[in-house]
Every structure is written in C-alpha cells, then in structure tokens.
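Chemist: Just dropping this structure here.
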Amino acid sequence: MFWREKMSSRNSEKVFEYLKEKIMSGEWKDGEQITPEIQLAKELEVGRNAVREAIEKLVGMKVLVKKKGKGTFVQSKLIDLEFNNMLINTIINKDDYLDILEFRKTFEPENIKLFIRNADEKDYLELKKLYDEMISNKDNRDKFSYYDAMFHNLIAKGTKNTIIIKISDILSNIMIGHQKKLNLILGSDSGIKEHTLILEAIFEKDEDMAYMFMRKHIMRTIKDVLQVKNGLER
C-alpha cells in the first residue's frame with residue numbers, strides 16, 4: 001500500500017508539471033479547454049487518479065476551472081499562476097500530510113478570529129449549512145471529507161483577506177484526499193463533535209473559545225495521523 005501511494009504521488013506530480021508547463025508556455029490559453037482526463041492518462045502513461053489529483057490541485061490554485069458537462073478550462077492570469085506556484089512549492093508540494101497539518105495548526109485558529117470580526121450574515125448561514133451537510137453525510141467519507149474541507153475554507157473566505165483565501169483554496173483541495181483516507185480508518189465522530197464546538201463558539205462570537213477549539217481539533221488530527229502512520233510502519 002505504501003509503495004502504491006508513493007508511486008501515485010510521483011505520477012500526480014508528473015501530471016501537475018506537465019499541465020503547468022502547457023499553461024505557462026501559453027500553449028493552453030486563458031479560457032481554453034484542456035485535454036480530457038482519459039487522453040491525458042493515456043498520453044502520460046499514468047492512472048486516471050493521478051491525472052485527477054493534478055487537475056484538482058490546479059483547480060484549488062484557481063488556475064483551472066471545471067464546468068459541469070463541458071470539461072476543464074484554463075482560467076489563469078500569469079501573475080496569479082506564478083504566485084500560486086510559489087505557494088505550492090513552499091507549502092503544499094510535500095508528501096507528508098503532517099507538514100500541512102503543522103501549518104494549519106497556526107493558520108486556521110487565527111483565521112477563525114478574523115472570521116468572527118469580518119464575516120457577514122451570509123457567511124454565517126453558509127457555514128451552518130456546510131456543518132449540516134457534514135452531519136447528513138457522516139457515513140459517506142467522500143462527501144463528509146468534501147464538506148469538512150469546505151467548512152474550513154469558508155472560514156478563510158469569511159476573513160475577507162485575499163492572501164488567506166488564496167492559501168486556503170490550495171489547502172482545501174489537497175486536504176480532501178488526505179481526509180478521505182483518515183476518515184476511512186478513524187470515522188467521523190470526533191470531527192463532528194469538534195466542529196459542533198467550533199460552530200457554537202463562532203455563533204457566540206467568542207474568539208478565544210473558537211481559537212482554542214480549532215487548535216484542539218487540528219492537534220487531535222495530528223495525533224490521529226501519527227497513530228495511523230506508526231501503525232502502518234510496524
């Protein structure tokens with residue numbers, strides 16, 4: 001299993017670099033549809049999952065956009081791509097999930113304070129809606145992981161800080177895949193309890209409690225990841 005995951009990660013990076021070069025070189029222009037996933041997998045001799053992961057990473061970077069029933073399209077401006085490429089190389093382009101969690105441990109508790117100060121009523125309502133979707137899909141790891149990531153991403157959007165939002169968009173798409181694996185092993189009960197406490201503190205506009213609950217949530221996730229990792233290495 002470990003070998004297959006490493007191979008998949010390398011293939012995903014191979015596809016990512018290929019797609020990035022097509023865009024950076026101007027071969028694929030802004031608004032143009034990219035090569036379909038099946039064809040990319042065949043051309044690059046990799047699995048569909050590797051292609052999908054690379055595309056999702058670029059979607060998170062706001063370089064590509066998926067249009068239902070039509071395909072995936074370039075939507076980048078060169079300066080945005082350069083900036084996001086810097087972020088992906090310095091923060092995200094690592095195999096170890098723990099690196100991302102260590103970053104989130106500081107990043108997200110501070111975000112939650114800014115959310116309470118800057119978010120509008122629509123943000124609060126949307127956050128509650130995402131929480132409800134997590135509850136409704138607690139037994140569906142794919143959907144639960146998606147709404148979990150979107151919950152955290154909306155908190156970033158509610159800060160109204162463009163740099164925080166850009167970083168969070170990248171993180172969210174990377175996190176979904178990792179969360180699916182973790183939820184499969186550990187379930188969703190702990191996550192639901194912690195998100196309930198986080199949401200309650202946000203609606204009470206209690207910055208200190210919200211900060212504490214968010215940090216505890218990520219610290220617990222780090223602990224769980226270490227337990228799983230140690231178990232796999234035995």
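Every number here is computed from the coordinates shown, using simple stated rules; none is lab data. The structure presented is a predicted model; accordingly, all values stated were derived computationally and were not measured. FYI the Cβ positions are ideal-geometry reconstructions off the backbone, even for glycines, and counts take in every protein chain you see.
Chemist: HN-Hα J couplings of the stretch 11-23 from phi, Karplus 6.51/-1.76/1.60, θ = phi - 60°, integer Hz, Gly and Pro as x?
Modeler: Along the stretch 11-23, the couplings run 5, 5, 5, 4, 5, 4, 5, 5, 5, 4, 5, 4, 7 Hz.
Chemist: Hey, can you grab everything whose amide H is under 5 Å from the amide H of Gly47? Only 5+ residues off in sequence or another chain; H modelled, so Pro and N-termini drop out.
Modeler: The list, which skips near neighbours in sequence, is empty: none.
Chemist: What list of ³J(HN,Hα) couplings, whole Hz, do you get for the stretch 109-115 from phi and the Karplus terms 6.51, -1.76, 1.60, once you set θ to phi - 60° and write x for glycine and proline?
Modeler: Karplus-based 3J(HN,Hα) across the stretch 109-115 equals x, 5, 4, 5, 5, 5, 4 Hz.
Chemist: Under a crude label model (7 Å from the Cα following the beta-carbon direction), how far is Asp99 from Glu43 in nanometres?
Modeler: Those two pseudo-labels are separated by 2.8 nm.
Chemist: Around Leu64, which amide H atoms from residues at least 5 apart in sequence, or from another chain, sit under 5 Å from its own amide H, with H modelled in the peptide plane?
Modeler: Val59, Gln75
Chemist: Moving to a separate point now. Check which residues have an amide H placed less than 5 Å from Trp28's amide H, if you skip close sequence neighbours.
Modeler: For Trp28, whose amide H was placed from the backbone, the distant partners under 5 Å are Ile23.
Chemist: Quick check on my link table: of Lys129/Lys193; Lys143/Lys216; Lys20/Lys62; Lys22/Lys68; Lys20/Lys66, which ones sit more than 18 Å apart, alpha carbon to alpha carbon?
Modeler: From Lys129/Lys193; Lys143/Lys216; Lys20/Lys62; Lys22/Lys68; Lys20/Lys66, over 18 Å: Lys143/Lys216; Lys22/Lys68.
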